[in-house]
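Student: Got a structure for you, questions after.
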Amino acid sequence: MLARIKAILRERGYILYTKPYQLNIVGLRGKSTVPNKFNDEIHVFYRTDAGNWNYHVFNATTDPGTFWLNNPLYEQGTAILATGQYVDAYALGMHRGLYEALVQVKPVTIIRDYNRDSVLDFNNGVRQTGFFGINVHRAESSGTTQAINKYSAGCQVFQTADDFATFIAVSKLHIDRHGNLITYSLIDFRAINRITLKRVVQTTTVAVIFTLSWILRKFYSIN
């Protein structure tokens, strides 16, 4: 998975950080459009001083919960973070003044889901870029949360409190070395499939060419 995520970052021209403890944080949005489930992932990977890659995968949501889809805070609809790379857009701060989290400090792009039908709409909403408080935080303060409900109105939210504690600890390693600005990238699950399919096609093509070359060499050697 690490190789595939890195391939997607490179394919899209995104920054891949390689200095020790400089974090790559990648939200992987699942293919389901059914809301209120923690069916996405946040991948965090970085090099150590020894040059090895450390890699973490955490269950999360990159989408708002049903409550806010049905009861948007804004008339235009509830915010859904658009896929993309948001360079230095996050910093360690306080989520709603309650606990440490990564908070938005630079503009990001969102899609306003205005249908109010409890179905996530990634394609037809109004796109806006600016400051919307799209933070990276946890759900319940302990244990594992089963449903998103009010925990996300567009934020990127960890399902398990212990996972989030690990994430914050790793973020502080980045901050100690590289300062309090952190990049967040969000990609779609289907991008993983496209990379995999592309590799299968390339591998199959090479195999076919090799086989044809072998057959032709045999044919001409006989004749």
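Quick note: the coordinates plus some simple rules give every number you see, no bench work behind them. Not measured: the values here are computed from a predicted model. Every residue, glycine as well, gets a Cβ built from its backbone with ideal geometry; the counts of neighbours run over all protein chains shown.
Student: Around residue 150, what is the net charge, scoring Lys/Arg as +1 and Asp/Glu as -1 over all other residues with Cβ under 13 Å from its Cβ?
Tutor: 0
Student: Okay, moving on. What's the local net charge at residue 100, with K and R +1, D and E -1, over the other residues with C-beta under 12 Å away?
Tutor: +3
Student: Decide, for the range 90-179, between rounded, prolate and oblate: order the square roots of the alpha carbon gyration tensor eigenvalues as a ≥ b ≥ c, take rounded if a/c falls under 1.5, and otherwise choose prolate if a/b is larger than b/c, else oblate.
Tutor: oblate
Student: So how much slack lies between residue 32 and residue 99, counting 0.36 nm per residue of separation and subtracting their Cα-Cα distance, in nm?
Tutor: Length difference between fully extended and current span is 21.1 nm.
Student: Also, quick follow-up: Given a cut-off of under 8 Å on Cα pairs at least six residues apart, what relative contact order in percent is computed for the range 2-190?
Tutor: 27 percent
Student: Something else: Be a star and scan the range 56-95 for residues whose amide nitrogen sits under 14 Å from the point 7 Å along the Cα-to-Cβ vector of residue 122.
Tutor: Residues 61-64, 80-85 qualify, since their backbone N sits under 14 Å from the label point.
Student: Can you check what the net charge comes to around residue 81, using other residues whose Cβ is under 13 Å from the Cβ of residue 81 (Lys, Arg +1; Asp, Glu -1)?
Tutor: Once all neighbours under 13 Å are counted, the net charge is -1.
Student: Provide 92, 69 in ascending order of the number of other Cβ atoms located within 10 Å of each residue's Cβ, fewest first.
Tutor: Ordered by Cβ neighbours within 10 Å, fewest first: 92, 69.
Student: Then there is this: Please get the size of the charge dipole for the range 1-82, origin at its Cα centre, with Cβ charges of +1 on Lys and Arg and -1 on Asp and Glu, quoted in debye to the nearest 20.
Tutor: Approximately 340 debye in magnitude.
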